[in-house]
Amino acid sequence: MPILIAIAVFFLVALLVFMLGWSLDQRSAKARLLRERLETVEKTAERKPSEELALVRDEMLSKFPALDNLLRRSERISDLQTLLSQAGVRMRAGNVLGLCAVSGAVLGFVAFVVSGPLSGNESLLFTVVGVILGALMPYSFASYRRSKRFQKFEELFPEAIDTLARAVRAGHAFTTALELIANEVGEPVSSEFRKLFEEQKFGLPVRDALLNLTERVPLVDVKFFVTAVMLQRETGGNLAEILDNLSYMIRERFKIMRQVRVHTAQGRLTMMLLMGLPPIIVISMQILNPSFIQPLFSDPIGHILIVAGITLQTIGYFIIRKVIQIQV
């Protein structure tokens, strides 16, 4: 009980400190943003024509200015914001960190309550594991959303290339064809090409806008597309024919990937069985014959066996995953 009171006091004091910092810096937030934009304009005017240009974006890591200044000092937090943008999650990195703290505290409290009958060290271990798992849940969800979004982007990307090739063949300019993709192709391709179109529309060179696309969507197909377009713009050639060949190559690669997925189905099924069998056996024995499985949780040797089993399961999972993942 004293531990819970201390945790509650800690979060209350932290909340009061952040609220105080927010109230002090809220007035200067607009002035700071205006100052940064003026500095960007001045630096742009001082740049030479060969230097890269950039558009002003809303890249705040938190709505609280004090917390935003603190988070900007860490490169990992900036990488987290990039991951959220790639996942299509409309949240700032500061909010996600707060969500990680809350979920970690909640799951840690649940683990502490559940492990009440155990000894002090075991209860502490369960609580720490609960806090770590809870803190990783929002990040894991964002990573899952990112992978699903990129997978959907890869599926729709050949259609976008075909639309671009048809527009160029019909006589439209390359930049106008980008707007057609943004209006006709589904998400998430449309949103990324809309950003590409708006960047070059507001003055960013097409080359830099294309490079920004590869940063937002770091896929091999996108890099092929950007490289082909930049080479065509520098050396000339039939852009429509280049895009048709690129679309054909991407679709053929998808066919090979599906064939590989069929051939590795047995390995993936083996991985699922080996990972799911031990927990199912433990739960079944706990229901059918609790006295048989109880020493595994009560005896110190059983604790060692649990740790060893989880470690070996984890190592086996990554080994099988490495075997069945074939790069195409």
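The values are calculated or read from the model by the stated rules, or taken from the named source; none is laboratory data. Predicted, not measured: the structure shown is a model, and the values here were computed from it. Glycine also receives a Cβ, built like all others from the backbone with ideal geometry; neighbour counts cover every protein chain displayed. Surface areas here come from the heavy atoms of the whole protein model, side chains and all, with no ligands, DNA or RNA. Shrake-Rupley method; radii C 1.70, N 1.55, O 1.52, S 1.80 Å.
So if R0 is 25 Å, what FRET efficiency would Thr311 and Met257 give, r being the distance between their Cβ atoms, rounded to the nearest 0.05? Efficiency computed from Cβ-Cβ geometry: 0.20. Averaging Cα coordinates gives a centre for the stretch 93-129 and one for the stretch 252-298; these two points are 27 Å apart. The mean sequence separation of alpha-carbon pairs under 8 Å and at least six residues apart, normalised by the residue count of the stretch 176-308, gives a relative contact order of 9 percent. Couplings for the stretch 289-295, taken from phi via the Karplus curve 6.51 cos²θ - 1.76 cosθ + 1.60 with θ = phi - 60°, read 9, x, 5, 6, 9, 4, x Hz in order; Gly and Pro are left as x. Solvent-accessible surface of the stretch 154-276, averaged per residue with a 1.4 angstrom probe and all protein chains in place: 54 square angstrom.
Our estimate of slack between Met272 and Asn121, defined as 0.36 nm per intervening residue step minus the Cα-Cα distance, is 51.1 nm. As a calculated quantity, the FRET efficiency between Leu288 and Val129 at R0 = 22 Å, using C-beta atoms, amounts to about 0.25. A full extension of the chain between Ser191 and Ile280 corresponds to an added length of 27.7 nm, given 0.36 nm per residue minus the alpha carbon distance.
Stretching Phe224 away from Leu156 to a fully extended chain increases their span by 22.9 nm, per 0.36 nm per residue minus the current alpha-carbon distance. Three principal axis extents of the stretch 183-328 based on alpha-carbon atoms, in descending order, are 76, 35, 26 Å. When the Cα gyration tensor is reduced to axis lengths a ≥ b ≥ c, the ratio a/c is 1.5 or higher for the stretch 177-234, and with a/b not above b/c it is classed as oblate.
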